[in-house]
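A.B. asks: First the structure, then my questions, so here it is.
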Amino acid sequence: MNGLRLPDSAQEIADVIGRERTLYLIGQLPVCGQRSWRVVLYVPKTLPADHWLVRVLGWRDAMRLVREFGGEILQPSNCRCVHRAYRDQSIHRMAGEGMSAADIARAVGLTRRRVSGVLAADAAPRAVEIAGPSQGGTARG
C-alpha cells in the first residue's frame, strides 16, 4: 500500500505518526452518525494512560497526536479508496501469477463475479475526451 497516495486529511495525521499507523488508526475509528463514510477522531488536550488512543497506538504515537492536534476534532478520510486500490492491485497481481478468479475471490473476500469485474474494468481501454480551448471544453477521463 505504500505507493498509493493518502487523502490530504489522512496525510496530515501520517505526517505525525506515519502512514501505517495512520491507516491502522483510521481502521479503528467508529463510523460517525448515519453516514458510513464519515469517521471522526477527537484528540484530547491531555492524555490519561488508559485512553483508547494509547491502547490503539501506544503511548509515544498517541502523545505525538496530542502535541500536534490536542483539543481538535479531526475528520479524516476513511481511506476506503486506498484499500480498494490496494485490493485491485492485488487482484491483478494474483491473476498475473495464474490464480483463478474463484481462488482470488476467496483470498480477497469478494465474489468471483466482482473479481472478474475488477479485471475486466481495468483491462478495458479508457475513453478520454479532450475538447480544445476553442470549444470551451475540459478534459475528461
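The values are calculated or read from the model by the stated rules, or taken from the named source; none is laboratory data. Here the structure is a predicted model, which is why all the values come from computation and not from measurement. When we count neighbours, we look across all protein chains shown, and the Cβ atoms used for this are built from the backbone with ideal geometry, even at glycine.
A.B. asks: Tally time: how many residues in region 31-72 are touching a Leu at 6+ places or on another chain (Cβ under 8 Å) and among the polar types (S, T, N, Q)?
C.D. replies: 0
A.B. asks: What residue, of 12, 20, is closer than 16 Å to residue 72 by Cα and of a type in the set (D, E, K, R)?
C.D. replies: 12
A.B. asks: What helices (runs of 4 or more DSSP H) completely inside region 36-141 contain at least 2 residues that are modelled with pLDDT under 90?
C.D. replies: Counting at least 2 such residues, we get 80-96, 112-123.
A.B. asks: Which numbered condition trips up residue 75, out of (1) farther than 29 Å from residue 117 by Cβ; (2) without any contact (Cβ under 8 Å) to a residue 12 or more places away in the chain?
C.D. replies: Tallying (1) farther than 29 Å from residue 117 by Cβ; (2) without any contact (Cβ under 8 Å) to a residue 12 or more places away in the chain, residue 75 fails exactly one: (2).
A.B. asks: I want to confirm something. Restricting to region 5-45 and keeping residues that are among the basic types (Lys, Arg) and out of contact with any helix residue (DSSP H, G or I) (no Cβ under 9 Å at 6 or more places or on another chain), which single residue is farthest from residue 57 (Cα to Cα)?
C.D. replies: 35
A.B. asks: Output the residue which, of all residues in region 5-52 that are touching a Cys at 6+ places or on another chain (Cβ under 9 Å) and of a type outside the set (Val, Ile, Thr), is surrounded by the most Cβ atoms within 10 Å (Cβ to Cβ).
C.D. replies: So the residue we want is 10.
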